[in-house]
Amino acid sequence: MASKDSNREQPPPLSIEIKATQDQFFVWREFVWGGIAGAFGEGMMHPVDTLKTRLQSQIIMNASQRQKSIPQMLRTVWVGDGLKGFYRGIAPGVTGSLATGATYFGVIESTKKWIEETHPNLGGHWVHFIAGAIGDTLGSFVYVPCEVIKQRMQIQGTSSSWSSFISRDSVPVKPRGDMYGYYTGMVQAGSSILKEQGPKGLYAGYWSTLARDVPFAGLMVMFYEALKDLTDQGKKKFPQFGVNSSIEGLVLGGLAGGLSAYLTTPLDVIKTRLQVQGTTIKYKGWLDAVGQIWRKEGPEGFFRGSVPRVMWYIPASALTFMAVEFLRVSFREKSKNNNIVVSNLSIESKRSSVHEVREN
């Protein structure tokens, strides 16, 4: 009787089935949380991104004029467009960050597990770098068109300031001219670019975007995980100074994002100029842009806009990682409670069915 009872109380297939469902759901949860966190970070820091875009692209808009500093550009945007000028292009910006954040965080966890299982000889930092790079590459198919639309809307400001600029500087805005017509919104801008330049226009600077984002994404994940390792070691030595995961994500995410942003600023300058030039033949490609910037502006040209870029990524990355860590912990606690209830109910139902069969 004892052996029969012990056999009755062992339901091995049940735990395997629950684990598979949890792992599957975990991946989808990372996609959702990553998308929300990415859109949140972009929405909060969009005005700083607008400042960065204008600083990097002003040589295309005003090639013959002296380049503005950060305070001068702030004043220019405020006087010409007011507060609205800083929020031009926020819709495509949030859309692109939503897609990037979802693929970035959704793919990272599954990719890290796959690499660790299939290539155990790879070091931890290399695994994090590759996982981040793959996640960002997949998001680029949605992110790049959104980035092109966003940046062209950012340099235009409001319709009144754009019209004033066109009339003052006699810049042609017809298709196949040096610039482009005014964009009133995300959908109108996308359809206009597609009509005038085809898919090539929406994916302008695609390879330069990958050249910037793949190392950036890889570096950010690598730095973040390395900082987490150091923090974990510190917690073991000084447990009294431990902080919750949300605060940890805020601080470490900001540091990782800021450092990665500064190191990849030259790649960002090239990408921005290729994307905002429209049908202008100023830069024939990535290598031509590198050569022209080096000859005409020197090393300083490659780091133009580095301050607002770092200013954008420190809080944006901090908020993104904080949101992801907070959502992870909150959901983990709820799922633990739910798993206990579900497993107990399932076992009880199996037991009762066995007793019913025996009684019959």
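Any read-out appearing in this document is the output of simple, stated calculations on the displayed coordinates, not a laboratory observation. Quick caveat: nothing in here was measured; it's all calculated off a predicted structure. When we count neighbours, we look across all protein chains shown, and the Cβ atoms used for this are built from the backbone with ideal geometry, even at glycine.
Some notes on this structure:
- Gyration tensor verdict on region 237-315 (Cα atoms; rounded if a/c is under 1.5, prolate if a/b is larger than b/c, oblate otherwise): prolate
- Available extension along the chain between E196 and S159 is 11.3 nm, counting 0.36 nm per residue and deducting the alpha carbon span.
- Two-site label geometry, F141 and T118: point separation in nm, points 7 Å out along Cα→Cβ: 1.8 nm
- Coupling constants for region 69-76 follow from the phi torsions by the Karplus curve (6.51 cos²θ - 1.76 cosθ + 1.60, θ = phi - 60°), and in residue order they are 8, 4, x, 5, 5, 4, 5, 4 Hz; glycine and proline get x.
- Peptide ranges 69-76, 320-327 listed from the most packed, as the mean C-beta count within 10 angstrom indicates: 320-327, 69-76
- Between V251 and R295, the contour length at 0.36 nm per residue exceeds the Cα-Cα span by 12.0 nm.
- Environment charge of G305, counting only residues whose C-beta is closer than 13 Å and scoring Lys/Arg +1, Asp/Glu -1: +4
- Label-zone membership for region 292-313, site Q72, 7 angstrom Cα→C-beta point, backbone N under 19 Å: 296-309
- Distance between the 7 Å Cα→Cβ label points at F238 and Y87: 4.2 nm.
- Distance cut-off 13 Å, percentage of C-alpha pairs in region 195-259 lying past it: 71 percent
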